[in-house]
Structure formats: structure tokens, C-alpha cells
1. Pick out the one residue from B:Leu162, B:Leu177, B:Leu129, B:Leu116 that is open to solvent by 10 Å² or more (accessible area, probe 1.4 Å), of a type in the set (A, V, I, L, M) and within 30 Å of A:Phe259 (Cα to Cα).
2. So if I check each of A:Ala215, A:Ala193, A:Ala238, which one is more than 8 Å from every other protein chain (Cβ to nearest Cβ), buried (at least 16 other Cβ atoms within 10 Å of the Cβ) and free of Cβ contacts under 8 Å to residues at least 60 places away in the same chain?
3. Checking the condition closer than 30 Å to B:Arg223 by Cβ and facing chain A (nearest Cβ under 8 Å), which residue from B:Pro161, B:Pro153, B:Pro108 passes?
4. Could you list, in sequence order, all residues of the stretch B:60-87 that are within 17 Å of B:Val233 (Cα to Cα) and either surrounded by fewer than 19 Cβ atoms within 10 Å (Cβ to Cβ) or over 18 Å from the mean Cα position of the chain (by Cα) (or both)?
5. Looking only at the stretch A:78-89, how many residues end up being under 17 Å from A:Pro242 (Cβ atoms) and open to solvent by less than 20 Å² (accessible area, probe 1.4 Å)?
6. Does at least one position in the stretch A:79-92 carry a residue that is in a helix (DSSP H, G or I), within 30 Å of B:Arg5 (Cα to Cα), of a type outside the set (Gly, Ala, Ser) and touching a helix residue (DSSP H, G or I) at 6+ places or on another chain (Cβ under 8 Å)?
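The values are calculated or read from the model by the stated rules, or taken from the named source; none is laboratory data. Quick caveat: nothing in here was measured; it's all calculated off a predicted structure. Glycine gets a Cβ as well: all are built from the backbone with ideal geometry, and neighbour counts include every protein chain shown. In case anyone asks, the SASA skips ligands and DNA or RNA and just uses the protein heavy atoms, side chains included. Shrake-Rupley method; radii C 1.70, N 1.55, O 1.52, S 1.80 Å.
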Amino acid sequence: MTPANQLSKSFTYKSLISKSFKVTGRQVLPGFALSLGISLLFISLVLLLPLSGLLIQTAGMSWADYWAVVTDPRVMASYQVTLLMALGASLLNGLVGLLVAWVLVRYTFPGKRLIDALVDLPFALPTAVAGITLATLFSASGWYGQGLAKLGIQVAYTPLGILIAMLFTSLPFVVRNVQPVMEDLNSGDEEAALSLSAKDWTVFRRVIFPAIWPALVMGVVLSFIRSLGEFGAVIFIAGNMPYLSEVTSLMIFVRLQEFDYAAASAIASVILMASLLLLFAVNVWQTRYLKRLKGN
Amino acid sequence: MHQQRIGDQPWLRRLLIGLAFLLVGILLVVPLVAIFAQALSAGLNIFWVNLSDKYTLHAIGLTLLVAALTVPLNLVFGVFLAWLVTRFEFPGRRILMTLIDIPFAVSPVVAGLMYLLLYGSNGWLGSWLMDHDLQLMFAWPGIVMVTVFITCPFVARELIPLMQQQGSSEEEAALSLGASGWQMFRRVTLPNIKCALLYGVVLANARAVGEFGAVSVVSGNIRGETNTLPLHVELLYQDYNLVGAFTSATLLAVLALLTLVVKTFLEWRQQQSAR
């Protein structure tokens, strides 16, 4: 019951109940004006007003200034490392999440409930705590760092550290998106395929994967969005070396500390647009996908 | 006996379960253990000394204050918004539901910056506030404001799918039997949503207590004044006071574990009542 799977569930449920919604009268229920008023007031004050503040600040810049700030080589390097590491982390999450979801849905074993509960730890644990813990574990004298150093791998204070931090904080997304879909799988298709003596791998590829891939993609995209914006967990382990291991969120922070508010908001506007576009694309894609499902 | 499911061969089963345990161990259990191991590495005495440090106590107090102001506000908003979008059809309903997801998608640092631009001394509302001697940024009200932003989707997001699934027939029945709006809400709606509501509150609380990125932009990190617990953890860590940093971190880790326990309990109860 994480925000991520709620996100996907809300669409599923919506399609289920939309019919009954129109039959039952809605005009009898009280509280429309009150709840509309409070919701609009809250959203305007908390969400829209600050958003407009950012837009106004950015609009005050000339296009040349804006372009110079957002394409500054140090900022460009931060886009590159953020995008690459977020991509790596979310793809890895796809693999790890698929495995964990499979094990949790298909098998019963001692400790299953414990694993199920622990999967949500990254959402419950403050990111700063995750950050200092991972940095300490992967430092040269840490529990993991010592072993990795013998293999010649350095994680802390390199881009690889950023990837680890992103992997940790977005770990629940894939599991929680894939798990409910896997639970609802129709076992008849699987049995039928097996009775036709199809190989296990073929059944997985032809029967199971086609049913779960939209949830898998959804989980990977959500963990990508989360990783793009991650700050708390990343900055402790990244080492934050200019041109090498600075993430874009940190660049906003750096500009703020130089009291360059205009530059900070220009960079923020890039992040904001990227994440809103992704969020919007995911919503549209998911709605369309569910419509197709309903059509079948 | 004919095979009915794939992946049930004993060797494969064992391999996959083993791999899952290994991954969960490396990625989640060991880090969790490491927090407590580091905090206690200098002995129990030092742990208590660190915990009762006056700056730590102040950070705990401020963090509790932020949560105490933020969570009820988002609880009220979440209930009203969920009622609105699940019980009425109106133009703009979908836009409203997309807007509420913004805090999930936006980087916390961007969120903090937006508030700083608006209410900071350079901002267009900020200069008016300055004239009236009101300082919101780099003070505790600013921390509360960004935390409200960050946590505003949690309660609504838990309630909306559930309330949509349940539909409004029970509420309509109560009304037709002569219940007032408030009676209907208290006797019918609230009992139906109480688990999801509690879970939303627990999640919002965990996030409110643990928020770092947004808060660090607007806090100013003044020790003993505007330092919340996560910021205190950072400050101690930057001071190379590892044991101190991890001592404060244990408090947050315990809260995270409690959150997981409540969540597991609520899910278990939901499964029981579904049977």
C-alpha cells in the first residue's frame, strides 16, 4: 500500500466503478461546495502559489542568461551523471523488484512476511539516514567498502555511489507495482501452456511477462522519476566533486549558497519541467493502457 | 503428476528465495543493523550522552512540532479532497487528481526553492512580510510550510482508491434515513475509511519527520533553533561526529520501523476482514 501502487490501483478501481458511479445519484450527497472550496484553497496556497513564484523568477531572466545558466558545463555534467545513474538504478531496480515480487507472490516460506514488510523500509527511512548509512558502509573502512576495495572497486565518493543511493531509495516502486498484478494473474493460461508441454521459460516469456510488463515499466519509470530528484541519500555518498559526481538537485543548492537565486531557479525549472513531463506521460500512458485492457 | 505452475522445481525455488534473501539482506537489513551498530559503537554511555545533548533534544522538539502541525492539516485536506473527487463528477476533476501528484514528482530541493523564492527576503511576498517584521524562511514556520507541501498527497492518495471502490451507496442510504451530513460522515464514512486514513497519517508522519532536501533549503541550519532531526544528523556527520550522527539516526530508524509495523498490521487486518 505504497503511494506507488496506490497510483496504479486508483486507475484500476476507477475503471471498475465508473459504471455504478453514473447510475447512483450523486446530487444527494452533501459537502460539494465545502470540499471544493477547501481543496481549491489548499491547492492554490500550497501548490500553485509557490509554483508561480518559481515561474515569475525564471520569466524575469533573459533567454540568453537562462540558456547560459542551464547549459553551463558544470550543470551539463550534473545532468549527465544524474540521468545515467538514475537510468542504471531504475533498470537494476526492475530486475531486483521483479525477483522479489516473484518470490513474494509465488512461494510460501518462513520469513516471507518479514521480507514483505522490509521492502517498504526505503520509503519509511529518512533519506539523510539512508545517506549517512550507505556512505559509512561503502567507505574504505566500511563493512562493504573493505571487501570491494580488495576487488579494486570504489563506490563511495564516485558516481557508482550515486547509483547505490538511488537504488536504495527507489527500491519499493517496482515490487509494489508488479506484486498486485502478479497476484491477479490467471493461472489457467499458465496451466494450459504447460499442458501443451511448453518449457518453463517459454511460459514465462509468452504468458506471464506480457501480463506484467506494463506494471514493470510503471515501477521502473516511477523509480526513475524518484531517482532524478533524489537529494538526501545521494549527497552523503557522492563526494560531490564538480564535473564528476554532482547531481542536478545539488547544483540548485550550490547556486543558492552563492546567493545566485536566478541561476538556482533556472536549473530548478529544468528539473521541474522534466519531472512534470514524465509524470504526465506516465499518467496518460497508464490510462490508455487500461482502456485497451477494458476494451478486450 | 502434471506440472501446473512454472518455477516450482525445488532447485529453482530455493535459488530464487535464496537470492531474494541475499538482496534484501545486503540492501536493507545490513544498512538497518549498521545504523544501530554505529550508534552503539562507543558504548551505551556515550549513546545516552549523545541522546541527551541539548541540541539533539531541541532538534527532537522541533521535529515533533513540525509533524504535529503538518499532519493534522494534511489529514483535513486529504479527507476533503478525497470526498470531492470520489463522490462528485465535475469539470477539472482529473486535473485536480494530477495536481496532487506534483509533490511526489518534484525534487524536494525544488520544492524548498519555490518557497524560498516566494517568501524569502528577496521574494515578492517576502519583502511585504519583512516590512511587517514577519520572518517565515530560515525559521520554523518555513519548515512547516515546505513539509506541508511535501506530505500533502499522502492521506488523499490512500483514501481515493478505497473510497472509489466502496462507492457511495451506504452514505446515500444513511441520508435517506434522515442522517445529517455530519452524522453520515461520522457513522458511515469514517468507520469505512479508518484503516486507510490511519495508514495515510502514518506515512505522512514518517515523511514529515524525515524530510531533508526541502527543509534544508529553507531552514538555514541554525543549531538549537532551526535544526530538525534529519538536519541535525547531517550537521553531526559533517562535524565528523559519526557516533553522534548515528545516535540521532537511530531515533529516525526506530520511527521507520514502527511505521512498517503499523503498515503490516493494517494490511493483515484488511486481509482478515476480506475473508
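1. Going through B:Leu162, B:Leu177, B:Leu129, B:Leu116 in turn, just one is open to solvent by 10 Å² or more (accessible area, probe 1.4 Å), of a type in the set (A, V, I, L, M) and within 30 Å of A:Phe259 (Cα to Cα): B:Leu129.
2. Testing whether each residue is more than 8 Å from every other protein chain (Cβ to nearest Cβ), buried (at least 16 other Cβ atoms within 10 Å of the Cβ) and free of Cβ contacts under 8 Å to residues at least 60 places away in the same chain leaves just A:Ala193.
3. Only one candidate qualifies: B:Pro108.
4. B:Ile60, B:Gly61, B:Leu64
5. 3
6. Yes, there is a match, as at least one residue in the stretch A:79-92 is in a helix (DSSP H, G or I), within 30 Å of B:Arg5 (Cα to Cα), of a type outside the set (Gly, Ala, Ser) and touching a helix residue (DSSP H, G or I) at 6+ places or on another chain (Cβ under 8 Å).
For every residue, the table says whether it meets (1) open to solvent by 50 Å² or more (accessible area, probe 1.4 Å); (2) touching a residue at least 12 places away in the same chain (Cβ under 8 Å).
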site: A:Lys150; (1), (2): yes, no
site: A:Gly161; (1), (2): no, yes
site: A:Arg206; (1), (2): yes, yes
site: A:Leu222; (1), (2): no, yes
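Yes/no matrix, rows are residues, columns are (1) more than 9 Å from chain B (Cβ to nearest Cβ); (2) closer than 18 Å to B:Gly25 by Cα:
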{"residue": "A:Ser78", "(1), (2)": "yes, no"}
{"residue": "A:Leu83", "(1), (2)": "yes, no"}
{"residue": "A:Ala86", "(1), (2)": "yes, no"}
{"residue": "A:Val100", "(1), (2)": "no, yes"}
{"residue": "A:Ala117", "(1), (2)": "no, yes"}
{"residue": "A:Phe123", "(1), (2)": "no, yes"}
{"residue": "A:Thr127", "(1), (2)": "no, no"}
{"residue": "A:Ala130", "(1), (2)": "no, yes"}
{"residue": "A:Leu134", "(1), (2)": "no, yes"}
